[in-house]
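A short worksheet on the structure shown next.
The values are calculated or read from the model by the stated rules, or taken from the named source; none is laboratory data. Here the structure is a predicted model, which is why all the values come from computation and not from measurement. Cβ atoms come from the backbone with ideal geometry, glycine included; neighbour counts cover every protein chain shown.
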Amino acid sequence: MNISGRINLLMLKGAVKKMKAQSGEIDCLVIPIDQNNLFRGEKGIYLDLIAFEVSTKKEGIKDTHLVKQSLAKEKREAMTEDELKAMPIIGNLAVWSDVGFNQEPVTNPEPIGETDNLPF
């Protein structure tokens, strides 16, 4: 089964910033690691995800699953039921064999004017 999807990184705590690079100013997405409960592994930093099948299909919506962040058991158990329900949907998935997938992102923010030097 082939599945495609999109993750809206702007649903995480972060900022879009204009920064200086060797090629000129570029837009960057800065995502704080600890504030977003990202997992530091041996070979990288990971955003753990969990997908839920969409039980009711709406007309014009081709998504088959919605995606939320999956938290460590200790973090999840420390949250209230309201906090858990308030966790944002950060993406969606669609099974290729059932639907096409050509949707635009939900948000398209304007970068802020702050600049820093980058090594690339």
Quiz prompt | Selected residue (criterion: nearest to Asn36 (Cα to Cα)) from residues of the range 76-94 that are of a type outside the set (Gly, Ala, Ser) and over 19 Å from the mean Cα position of the chain (by Cα) | solution = Met79
Quiz item: Of all residues in the range 1-54 being loosely packed, with under 13 Cβ neighbours inside 10 Å, within 24 Å of Glu74 (Cα to Cα) and of a type in the set (Val, Ile, Thr), which is nearest to the chain's Cα centre (by Cα)?
Solution: Ile50
Quiz item: Here are some residues: Glu42, Glu77, Glu25. Which one is touching a Ser or Thr at 6+ places or on another chain (Cβ under 8 Å) and at pLDDT 90 or above?
Solution: Glu25
Self-check item: Of residues in the range 65-76 being among the basic types (Lys, Arg) and farther than 21 Å from Arg6 by Cβ, the one surrounded by the fewest Cβ atoms within 10 Å (Cβ to Cβ)
Solution: Lys73
Self-check item: strands (runs of 3 or more DSSP E) completely within the range 1-70 that count 1 or more residues being of a type outside the set (Ser, Thr, Tyr) and closer than 20 Å to Ala86 by Cα
Solution: 3-7, 49-53, 65-69
Exercise. Report yes if Lys62 is touching a residue at least 40 places away in the same chain (Cβ under 8 Å), surrounded by fewer than 14 Cβ atoms within 10 Å (Cβ to Cβ) and touching a strand residue (DSSP E or B) at 6+ places or on another chain (Cβ under 6 Å), otherwise no.
Key: no
